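The next block holds one structure in the form of structure tokens; read it before the comments.
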Amino acid sequence: MTKPRLRIGLIGTGFMGKAHVFGFTSAPRVFELPYDLELHTVADITPEAAERARVTLGFAHGTARWQDIVENPEIDLVSITAPNALHKEMSLAAIAAGKHVYCEKPLAPLAQDALEMTLAAEAKGVKTQVGFNYLCNPMLQTAREMIVAGELGEIRGYRGLHAEDYMADPAGPWGFRHDPAGGGALADIGSHALATAEFLCGPITRVMGDCVTMIAERPDGKGGRKKVEVDDLGRAFLRFASGATGSIEGNWIATGRKMQHDFEVYGTKGALAFSQEHFNVLHYFNAADAKGRQGFRRIEAGPDHAPYGLFCVAAGHQIGFNDLKAIEVAGYVNAIAGAPEPFNFRKGLRIQTLVETIQTSSREGRWLEVK
Ligand SMILES: NC(=O)c1ccc[n+]([C@@H]2O[C@H](COP(=O)([O-])OP(=O)(O)OC[C@H]3O[C@@H](n4cnc5c(N)ncnc54)[C@H](O)[C@@H]3O)[C@@H](O)[C@H]2O)c1
């Protein structure tokens, strides 16, 4: 039976542009989707980059004007994987043209911008998705199910972080992640830590932040130096609505760390520990185990942790980063057909609000309520 088509326009063809294409191409082969997905047009900043991406990523058309995607009535869905400061203008233009918008995190430079984008999408009735792909990991879903089912008892404490070292070298050039409009470690990767904290433990109500710039200037790529005004690491103490306490850290100068999107959850009956560097494993401690036999047990991802089994029938063989993007795409495409949106602009706005409240708390040196 022929399915209706969703024709896709992609803006930006770097790390995330490619990951979106992996998602769009593997999701229909793994999941039963309500639409056929067509890679229609790809945009990047020069005609050469756009043409290169068209050929390698498999799009029908390429353009150096992202507006061509927004203006084209044939295109149904716009993926935005361009630098943060461009998310707002591109999203608003796509929404105004009636397109569904899949935008990378952080949703916008400021929560005020994210609010404008959210209200525009809701008024227009288009479906949105923000790229918080780590939440698509079946082991995070398992952790949440265990917490919600009470297997850990009452949750007392949470520790989360997202630490990498891609900005640890002071000789690394100033880039879009240093742009005061939407940049900084807390917005860039601390946002993932915040999304995971709320995914697992529910709403955060109060924060006490500490955001620090450790590398004050960087080469500007033109022989000069450029001041860095954003944080290299942002930490926060947290209070959850449930009464649990916690902390998160976003840190891009964590020498030696490549993908430490980690968490630990402590409850009255048990605990969980997880590291994204080994993300097919969840460690579970059950306080009811016999004395002398207690310890964290290792749960290997397998077909019992949906949707792992759709990728691979054998446990322990592991799924990968791009598979998380396929799961994200599948959830979003189902939402376009009427299912609830897994992580829409309103949820992206919530994360941006948390980021800004932590930054303000750090500047003011006091606990703040999250509005
Ligand atoms: N969800 C995740 O896990 C994750 C991981 C990395 C990055 N991101 C997000 O994805 C976005 C892109 O990050 P990246 O690492 O892919 O960056 P990148 O530098 O690898 O890619 C950015 C791309 O956008 C293109 N671009 C810049 N200006 C443009 C314009 N005006 N029109 C069209 N294309 C333009 C660049 O040429 C480049 O191809 C950022 O918002 C970032 O925060 C998300």
Problem set entry | Where a residue in the stretch 292-313 is assigned by TED's automatic domain parsing to the domain that holds residue 146 and its partner, wherever it lies, is polar (S, T, N, Q) and part of a helix (DSSP H, G or I), with Cβ under 8 Å and at least six apart | 299/142; 305/141; 305/142; 306/141
Exercise. Can you tell me how many residues in the stretch 1-29 are in contact (Cβ under 8 Å) with a residue 40 or more places away in the chain and buried (at least 16 other Cβ atoms within 10 Å of the Cβ)?
Worked result: 17
For this session: Could you tell me whether residue 238 is touching a helix residue (DSSP H, G or I) at 6+ places or on another chain (Cβ under 6 Å) and crowded, with 16+ Cβ neighbours inside 10 Å?
Result: no
Exercise. Restricting attention to the stretch 88-105, does a residue exist that is buried (at least 20 other Cβ atoms within 10 Å of the Cβ), part of a loop (DSSP other than H, G, I, E, B) and among the hydrophobic types (A, V, I, L, M, F, W, C)?
Worked result: no
Exercise. Could you count how many residues in the stretch 32-57 are surrounded by 18 or more Cβ atoms within 10 Å (Cβ to Cβ), away from the ligand (no atom under 16 Å from the Cβ) and either among the acidic types (Asp, Glu) or more than 14 Å from residue 76 (Cα to Cα) (or both)?
Worked result: 1
Exercise. From the set of residues in the stretch 58-70 that are among the aliphatic types (A, V, I, L, M) and touching a residue at least 24 places away in the same chain (Cβ under 8 Å), which is surrounded by the most Cβ atoms within 10 Å (Cβ to Cβ)?
Worked result: 69
For this session: Report yes if residue 25 is hydroxyl-bearing (Ser, Thr, Tyr) and more than 13 Å from the ligand (Cβ to nearest atom), otherwise no.
Result: yes
Exercise. Residue 135: within 13 Å of the ligand (Cβ to nearest atom), in contact with a helix residue (DSSP H, G or I) (Cβ under 9 Å, 6 or more places away or on another chain) and either over 24 Å from residue 18 (Cα atoms) or in a helix (DSSP H, G or I) (or both), yes or no?
Worked result: yes
Exercise. Can you name the residue in the stretch 141-180 that is aliphatic (A, V, I, L, M) and closer than 14 Å to residue 219 by Cα and, of all such residues, is surrounded by the most Cβ atoms within 10 Å (Cβ to Cβ)?
Worked result: 167
Seminar exercise, completed: Exactly one of 181, 143, 168, 193 is in contact (Cβ under 8 Å) with a residue 40 or more places away in the chain, under 20 Å from the mean Cα position of the chain (by Cα) and in a loop (DSSP other than H, G, I, E, B), and that residue is 181
Exercise. Could you list, in sequence order, the residues of the stretch 78-119 that are farther than 13 Å from residue 182 by Cβ, within 11 Å of the ligand (Cβ to nearest atom) and among the small types (Gly, Ala, Ser)?
Worked result: 79
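The values are calculated or read from the model by the stated rules, or taken from the named source; none is laboratory data. As the structure is a computational prediction, the values presented were derived from the model and not from experiment. Glycine also receives a Cβ, built like all others from the backbone with ideal geometry; neighbour counts cover every protein chain displayed.
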